[in-house]
Amino acid sequence: MKRRSVLVIGVVLAAAAGGWLAGEIFDAGAERELGTPEGGGEAGACAGGAKPLYWKAPMDPSYVRDAPGKSPMGMDLVPVCPEAGAAAARGVVSIDPALVQNMGVRLARVERKDLSRTIRAVGRVAYDERRVAHVHTKVQGWVEKLYIDYEGQLVERGQPLLEIYSPELVATQEELLVAARYRDQTAASPFEDVQESGAHLFEATRRRLELWDIPDRDIERLLETGAIRKNLTLYSPARGVVTQLGVREGMEVGPNQNLYTIADLSRIWIYADLYEYELPWVAVGQHGIVELSYMPGTTFAGTVTFIYPYLDAKTRTLRVRLDMDNPDLVLKPDMFANVRIQAESRRGTLVVPDEAVLRSGQRSLVIVSLGNGRFDPRPVTLGIDSGDGWLEVRKGLEEGEEVVSSGQFLIDSESRLREAAQKFLEPDSGEQSTHGLPAAPHPGGHEMPGMPDHSGHAVPAVEE
């Protein structure tokens, strides 16, 4: 029985010694694999005997130390070698190709395209302000007859509008007849100044009637017949539609009163409101298409003739004006319409997909693929937006480069993490520790944080 106990104890001791020897051999082999010298230094952990830049936890990249040791999870810290560190310092991220595939990373090539855009906006039909006429009388009088007596009535140029009785007009007609007789009487005078005075008086009186818009035919009829007309007839100065009627029969009217407003609707304006980001695409001379919701299939063609130099403070939109013909008067002022403006193509523009750009509010980034699982976050300067998924690149990329169009957020996070690690390891005023954090323990020790220290405890002897 005693011999059996001794045999069992011997087997246990042999197994313990074998485990200890295997552990020492494993640790030594690991040190040889890492190239760590006997003194426990950090040199030689990388290829060619280079010293690691820092050590990080394999399962928690945010756990970074400047010496080898254990992570909070009990795993050995992984060295970051100078070559990879140099790439990380430049912002280059290296990711295992299998992980890249699992992340669903998709690439797109930087290329040159002809960008074009169709701008869609809501338009409003308006009068052509250059084709609106106001009718005033230049003499004081009373309206005795209206020929055009309601709004919306179509009038032709030269068509009679109304008749006005004016005592001042009657007196001027009498003066013209007197001046005509005086001119005829002085025409035979031997004195030249007398002849000129008669002619000048006649011309001055006739000129007064002309300035009151009395037609020449009425003046000639007055001189031929000598019959003074009681009323003055006003004629339409333009062809169009009466949009405002400010007079009725029997009313007293004067030069300051607007009697008629006549608008020519054979050519109208379309006001379209555009947003600020659409302005780089719009230029005078571009063609536009106008559609009405209640006239499906019917389109009207117009041309951009003016871009207003200010924005609407409430809607933050810019007004653009289109001119177009309206011969059948189908388009009526204050109608709403759908406007499409076809912008000119920008040929040979360097572009990237819109989904490839990361916008932080201060800058725009794209993730450039360098091949073999390496990615470079790069700031770019953007230009115009085509509206169909393409953005112009003015600076930061070259034609033919590949950028990440899907999964770039994870890569950008890794890049920022490595940048933070580099800042974490920068020396502060020559101090050894980084930001006051202690270095990780040497890999030769196997202490776990929070575990009690048993170094002073003796191993009890085995009784025989």
Spacing of the two label points (7 Å from each Cα toward its C-beta) at Arg124 and Asp388, in nm
3.2
Candidate cut points under GluC sites (Glu not before Pro) in the stretch 182-266, DSSP loop plus at most 15 other Cβ atoms within 10 Å of their own Cβ, are Glu249
Bins of 10 Å from zero: percent of alpha-carbon pairs in the stretch 138-252:
13, 36, 28, 15, 7, 2, 0
Could you work out how far apart the two model spin labels at Lys51 and Asp354 are, taking each label as a point 7 Å from the Cα in the direction of the beta carbon, and quote it in nm?
5.2
Rounded to the nearest Å, the spacing of the alpha-carbon centers of the stretch 213-267 and the stretch 329-378 is 58
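Suppose R0 equals 35 Å; then what is the FRET efficiency for Asn256 and Arg316 from their Cβ-Cβ distance, rounded to the nearest 0.05?
0.30
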Stretchable slack from Tyr308 to Ala187, in nm (0.36 nm times residue separation minus alpha-carbon distance)
37.5 nm
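Starting from the Cα-Cα distance between Asp76 and Leu99, subtract it from 0.36 nm times their residue separation and give me the gain in nm to one decimal.
Between Asp76 and Leu99, full extension yields 6.1 nm more.
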Neighbour net charge for Ser345 - beta-carbon separation under 12 angstrom, K R +1, D E -1
+2
Paramagnetic label zone (point 7 Å from Cα along Cα-to-C-beta, Asp114; backbone N under 14 Å) in the stretch 342-362:
343-349
Given a Förster distance of 35 Å, report the FRET efficiency between Val178 and Asp149 from their Cβ-Cβ distance, rounded to the nearest 0.05.
0.45
At a 10 Å Cβ-Cβ cut-off, how would you order Tyr310, Tyr54, fewest neighbours first?
Tyr310, Tyr54
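Each reported figure results from applying straightforward, stated rules to the coordinates on display, with no laboratory input. Values in this document were obtained by computation on a predicted structure and should not be read as measured data. Positions of Cβ are backbone-derived with ideal geometry, glycine not excepted, and every protein chain shown enters the neighbour counts.
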